[in-house]
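FYI, it's all coordinate maths here, none of it is from the lab. What you see is a predicted model; the values in this text were computed from it and never measured. No Cβ is skipped: glycine too gets one built from the backbone with ideal geometry, and neighbour counts run over all protein chains shown.
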């Protein structure tokens, strides 16, 4: 590979991964347990570790939070950090909680330029996992069958999308032929990647980036047009702007691409691998095209960085620390890299001497990579998340680009102002882990449901598990903690419903648990003012609702009308297309996508969110420490 043009900078793009949705098994007697929180399951890596070191029980906990880094830091700060620490960027306060790896032999196995980027005070604290590529995923079969030329320039990209839309090639039910998943990190990558061939990949872009890091350059001064490409794709009707709204579900790119209902998407090689698994079509990844006659570029980044929890260097942890070093050493071999790449779909190893066991470079981006046109955006993870969030408001039509770029420049000048208002105290840890809020009754979801019910003064309150993303830890609770626990802005509404609606609602909440599902559905309902029993899904049957009662065990009154607090999202405020509304059509009072619900009446709309009611609940009850316990509200029928 021509490495002259390869810019070895570090990106901060977090990916949404899958998981087993199951709790870690109890360790076998005599084995040393090593834990790691990650965004997806890693079965091949686990198998390699445990077969190489039979004395180690390597346990991966998958995390539902949209970004790994913030929750990683919160856990470490509160004494709940995993043994091996994974983060998408080797910077920030997480560095204070990591052991020094500088003396470990495996550090020398990696390319020096990437290791130089992951040091603090001259100490090596991370190893990089193999890299992901980002680019345009294209349905090559549909393109070939319909005479669409694969684009090499921006003009050709628009010509392809226009013909696809005009002739209904790779078009979904909403009339769109292109998508991204709408997460802030991917939006940031999409926006910035569009500037690589004609700015970031040139000398002026390299200078601007260095000046920006030193506070001497800003977006509005030289990158005022950075959102022009995605905005034009939206304005021409090729991409749905609703996919960038904060409270909308991500566009189901996987399903749409697999079925031929989407011609093209901007995403990762991992997404491409998943699309290929169950589709009759051929797909490839195309590089980022230029609008000014420059070469196309690819975008790549280390999937994550791994370190060791500094707490393990304390006396008494020698066995676990040694086991962690063995695991990182094994990952730093070709066998370890192969296992991770097989699990994750990553396509490039940072080892000095590494020969791929298969041709991992896709034909569409091969020339770019071999010629050195591979770029990694060197911007901090916090900024990427903020930048992507603000870009999303422009792309969905809620804000204009000029004012948003001014806000971004202000953020660059002064940094983020974290909301550190003290709210109250919690009397014990209430942990979100292994998707437990999507599988069973939990203390933290009980607390939120009770807060919603009290604030709305309703008979019943429900909290969908997908809305609960972070833990609460014993002691002081600050406003920024609640941002992690309940990050979404859906408003709470009050409905009047009958017993049948309640049963149908709870049944729908169980419908996405899935047998051996990688990601249990976020529609699972946590409750206050109700009790219910269910059977877990099996290989041959879905989860089933068995019984519903009031808290005292008495049955629902078939002739009664109950007030119930739900989110407007569940009631159709975002519609029910593209997985929005999580299938709660029996509560629909807003959407025209499906018929309005029967035996449901909208009583009251509020400006409350789960976060705001939890905040008020903690403040209101803080004459004593707040706690919550498992009470048998939700039970499994065995």
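Full extension of the segment from residue 518 to residue 536, taken as 0.36 nm per residue of separation minus the current Cα-Cα distance, would add 5.0 nm. Peptide packing: for 322-334, 597-609, the average count of neighbouring Cβ atoms within 10 Å per residue gives the ranking 322-334, 597-609, highest mean first.
Between residue 246 and residue 544, full extension at 0.36 nm per residue minus the direct alpha carbon distance yields a gain of 104.1 nm. When 297, 208 are arranged by Cβ crowding within 10 Å, least crowded first, meaning fewest neighbours, the order is 208, 297. By definition, a body whose alpha carbon gyration tensor gives a ≥ b ≥ c is rounded when a/c is under 1.5, and region 489-620 falls into this rounded group. Here each label is just a point 7 Å from Cα along the line to Cβ, and for residue 278 and residue 427 those points are 4.6 nm apart. What the Cβ-Cβ distance of residue 476 and residue 311 gives, at R0 = 22 Å and to the nearest 0.05, is a FRET efficiency of 0.60.
Among DSSP beta bridges lying fully in region 422-636, give the percent that are antiparallel, nearest 5.
About 80 percent, rounded to the nearest 5.
With a ≥ b ≥ c taken as the square roots of the eigenvalues of the C-alpha gyration tensor of region 295-403, please select rounded if a/c is under 1.5 and otherwise prolate if a/b is larger than b/c or oblate if it is not? Oblate shape, in that a/c is at least 1.5 and b/c is the bigger or equal ratio.
Please work out the FRET efficiency for the pair residue 292 and residue 216, using the Cβ-Cβ distance as r and a Förster radius of 25 Å; give the result to the nearest 0.05.
0.50
Cβ-to-Cβ counts within 10 Å put 548, 432, 468 in ascending order as 548, 432, 468, the fewest first. Shape class for region 592-638: oblate, because the ratio a/c of the largest to smallest gyration tensor axis (alpha-carbon atoms, square roots of eigenvalues) is 1.5 or more and b/c is at least a/b. Equivalent-ellipsoid semi-axes for region 188-230 (Cα gyration tensor, √(5λ), whole Å, largest first): 17, 12, 8.
With r defined as the distance between the Cβ atoms of residue 96 and residue 166 and R0 fixed at 51 Å, what FRET efficiency is calculated, to the nearest 0.05? Computed FRET efficiency for residue 96 and residue 166 comes out at 0.35.
Working from label points 7 Å from Cα in the Cα-to-Cβ sense, the residue 560 to residue 149 distance is 7.0 nm. Computed over the chain, relative contact order equals 17 percent, with contacts defined as Cα pairs under 8 Å that lie 6+ residues apart. For region 454-528 versus region 580-601, the inter-centroid distance based on Cα atoms is 17 Å. Of all beta bridges that DSSP places with both ends in the chain, some 70 percent have antiparallel geometry. Look at 352, 494 and count the other Cβ atoms within 10 Å of each Cβ; fewest to most, that gives 352, 494. The orientation-averaged projected area of the convex hull spanned by the Cα atoms of the chain comes to 29.0 nm². Taking label positions 7 Å along the Cα-Cβ direction at both residue 366 and residue 319, the computed distance is 5.0 nm, reported to one decimal. Given their separation in residues at 0.36 nm each and the Cα-Cα distance between them, residue 78 and residue 207 gain 42.5 nm when the chain is fully extended.
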